[in-house]
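The values are calculated or read from the model by the stated rules, or taken from the named source; none is laboratory data. From a predicted model like this one, the values you see are computed outputs, not experimental measurements. Here the Cβ is made from the backbone with ideal geometry for all residues, glycine too, and neighbour counts use every protein chain on show. What goes into the accessible areas is simple: the full protein's heavy atoms, side chains included, and nothing from ligands, DNA or RNA. Shrake-Rupley method; radii C 1.70, N 1.55, O 1.52, S 1.80 Å.
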Amino acid sequence: MIVQALIDQGVDTVFGYPGGAVLPIYDEVFQQNAIRHILVRHEQGAVHAAEGYARSTGKPGVVIVTSGPGATNAVTGLTDALMDSIPIIVLTGQVPTFMIGSDAFQEADTVGITRPCTKHNWLVKETDALSGVLHEAFHVATQGRPGPVLVDIPKDVQFATGTYMPPKPSVSHYQPKVKGDMEEITELVAAMEKAKKPVFYTGGGVINSGPAASQLLRELVKATGFPITSTLMGLGSYPASGQNWLGMLGMHGLYQANMAMHDCDLLINIGARFDDRITGRIDAFSPKSTKAHIDIDPSSINKVIKTDIPIVGDVGHVLEDILKVWKSRGRKTNSEAVAKWWQQIEEWKAIDCLKFTQTGKVIKPQHALVRLEELTRKHDRYICTEVGQHQMWAAQYLGFEDPNRWMTSGGLGTMGYGFPASIGVQMAHPDALVINVAGEASWLMNMQEMGTAVQYRLPVKQFILNNERLGMVRQWQELLHGERYSQSWSEALPDFVKLAEAFGAKGIICSDPDDLDDAIMEMITHDGPVIFDCLVEKHENCFPMIPSGKAHNEMLLGEAQTQGVIDSKGSVLV
Amino acid sequence: MSALKIKKGATSHSAYNLRPTFSDVEERHTLAVLVENEPGVLARVIGLFSGRGYNIDSLTVAEVDHTGHLSRITIVTSGTPQVIEQIKAQLGRIVTVHDVHDLTVEGASVERELAMFKVSGTGDKRVEALRLADIFRARVVDSTLESFIFEITGAPDKIDAFADLMRPLGLSDVARTGVAALSRGE
Ligand SMILES: Cc1ncc(C[n+]2csc(CCOP(=O)(O)OP(=O)(O)O)c2C)c(N)n1
Ligand SMILES: [Mg+2]
């Protein structure tokens, strides 16, 4: 019955790990061929893999794990998916109903533990209710602001026979509003017509809304000529090669993007949530602007930043209406003022905040990414990351041309996300080039998934920028804790090449900038999983950086560039 | 590193003290929340309040529509206007919440609470307690030679006032139901 429900929901792949409390489900899995089950090596890996699958396809990811430890191991992944609004359905086994509450073997209060880290969860106590709940679970996970859901199924409920109900057009009372209010939309269009210094600030909501939303966004940007920046989660909804692209904004965002946010007079937030990594100091955030906010989740509006024009609705629907209204009112913009605004932006861009020089015999991490970009750009490529400096550099130095091609843990910042996520992505896109840009410390957190990659012959490329440091922690300690490097070394690292070989995969090590291109090519062309140990400069810092608690215009541009910038821009910089 | 101009060891730059700057005048609001009567729904609501650091001044819950499986939760909470708006929006996000009403802003409403007070004493104090109870229309629901239990219904401030009067007269135990509230008129 459970497998039938999954099939009827269009599921082709599930990630999971068996155990006593899910044996009946696994028995069903065994006796069918419609759904492929991927056996991970740790339940956290299953959830991240499902996240990678979901984010790269737009379809929900599905996970099956056992009760007790299986469920608790899934908690980090659930929280990650909740923070980043990823649709995930997790099925957990539970001890039989008559043993619930008795501290039975492998019993945990799974719905209690996961209540705050799921969008919704259910404990199903009757087999007859099971199919209905499963269909509702898919509905809730995917409708409105997407998120993870969990269905806890006691073993006796799995065993018993009940009536199966196929999915039907939703009878659920949960029907989030997708159309934006026309009055607010018109007010936004009027503001767009007058704006002298407008900027689009886009986020993961554009990607969650589906490919059509990205298409509409591109059309709107092109038609209005306004500059556009994006959060970490929104990269790819507007192409990095696009004319109006400012680059990512936020704590490690680009100079021109953050300066534009600070100086703009109209800020149009599309599917982003004013996260603290974006805003910096709240009371100095974009002080001169009228703020519009488009979000499907009403609780995002006015949560952090006061909004002048709130629009609750799905990004795709709202963008369509904005375009319609804007066109019907004569396609007006204040083009003269906007041209002047662009002049200012070009000046900021000229500072070239990502500039670095690769000298000597040690690979700079930025250089490694520039080369990776150059050599993989033309491929059908998906990028995952772990969490740390390498993640920010990947966001800065790689170019994303399309949505759903960039998988990273934004809201929760989960080290160990990237490798399993890359497995999920590769499952969904068997012929694509899937690369996980990793830090050595993060990668070790879920390295057991090498077994999964090898077992299913998934040619995922683990591109490890190995600085032998918890680099991001080290950077903060250098800048904010008097260079007291407490516990931020990666000691006793494995030999990654031997590690790869021990799993039956390929390992590549590279430490010389002159060998880098060849080594990367070797990684790309190898038909199978690869661990690439790229030994990089150990003390490189990630810039630009808005130190926390500072405003956008108090950005640090880094060691090398600070002097020149202070000359030309005077007092804006700290 | 001097170019960075951050004082070494300046740990005051915490990443986590970025509270928004809205009005900070606290208001008290009564919310009526209509929820599906499923196991766990109360935990969801309470977990939301504790997880996000909101206040609960009073909370009552009971099924109000047996056939529709609906319960009504009445919550009295306090916070700045922005926090109150967040609370309502966050409640609205809970999948099994059908409706959230802010009775404090949606026109006039009636609030009632039931309380029981045990007052122990003899002599003049005992007589005075009974006399005041009469004025407050509190009913005696149990009595011994040395104690009364009074039952009183009314708006929360009336109950507070009664409690204040009973305290010097030997108040020993209080049980309050929390606020139930309905909007007036249609
Ligand atoms: C599970 C988890 N634990 C701790 C942290 C805190 N943290 C953030 S970045 C980081 C260091 C990451 O090191 P590495 O993966 O080597 O990346 P690098 O910064 O060196 O590029 C740590 C410990 C985290 N984000 N996630
Ligand atoms: Mg590292």
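Per-structure values
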read-out	value
Residues (of a type in the set (A, V, I, L, M, F, W, C) and within 15 Å of ligand 2 (Cβ to nearest atom)) located in region A:434-471	A:Val437, A:Ala438, A:Ala441, A:Trp443, A:Leu444, A:Met445, A:Met447, A:Phe463, A:Ile464, A:Leu465, A:Leu470
Residues of region A:161-201 satisfying the condition of being out of contact with any Pro (no Cβ under 9 Å at 6 or more places or on another chain), within 14 Å of chain B (Cβ to nearest Cβ) and open to solvent by 50 Å² or more (accessible area, probe 1.4 Å)	A:Ser170, A:Val171, A:His173, A:Gln175
Flag if A:Val111 is within 22 Å of the chain's Cα centre (by Cα) and not in a loop (DSSP other than H, G, I, E, B)	no
Those residues of region A:263-281 which are open to solvent by less than 20 Å² (accessible area, probe 1.4 Å) and outside any loop (DSSP other than H, G, I, E, B), in sequence order	A:Leu266, A:Leu267, A:Ile268, A:Asn269, A:Ile270, A:Ile278, A:Thr279
Answer residue from region B:96-133, given it is under 23 Å from the mean Cα position of the chain (by Cα) and open to solvent by less than 20 Å² (accessible area, probe 1.4 Å) and is farthest from A:Lys119 (Cα to Cα) among those	B:Phe117
Scope region B:141-173; condition part of a strand (DSSP E or B) and surrounded by 14 or more Cβ atoms within 10 Å (Cβ to Cβ); matching residues	B:Ser147, B:Phe148, B:Ile149, B:Phe150, B:Glu151, B:Ile152, B:Thr153, B:Gly154, B:Leu171
Residues of region A:463-484 that turn out to be touching an Asp or Glu at 6+ places or on another chain (Cβ under 9 Å), more than 7 Å from ligand 1 (Cβ to nearest atom) and more than 13 Å from chain B (Cβ to nearest Cβ), as a count	3
Candidate set from region A:355-403 (those that are part of a loop (DSSP other than H, G, I, E, B) and polar (S, T, N, Q)); member that is least open to solvent (accessible area, probe 1.4 Å)	A:Gln358
So A:His552, is it open to solvent by 10 Å² or more (accessible area, probe 1.4 Å), modelled with pLDDT under 95 and outside the structural domain of A:Phe274 (by TED's automatic domain parsing)	no
Residue in region A:472-496 that is nearest to ligand 2 (Cβ to nearest atom), counting only those that are surrounded by fewer than 16 Cβ atoms within 10 Å (Cβ to Cβ) and among the aliphatic types (A, V, I, L, M)	A:Leu493
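Okay, residues lined up against (1) away from chain B (no Cβ under 11 Å); (2) open to solvent by 50 Å² or more (accessible area, probe 1.4 Å):
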{"site": "A:Thr92", "(1), (2)": "yes, no"}
{"site": "A:Pro96", "(1), (2)": "yes, no"}
{"site": "A:Gln106", "(1), (2)": "yes, yes"}
{"site": "A:Gly112", "(1), (2)": "no, no"}
{"site": "A:Pro116", "(1), (2)": "no, yes"}
{"site": "A:Ser131", "(1), (2)": "yes, no"}
{"site": "A:Ala137", "(1), (2)": "no, no"}
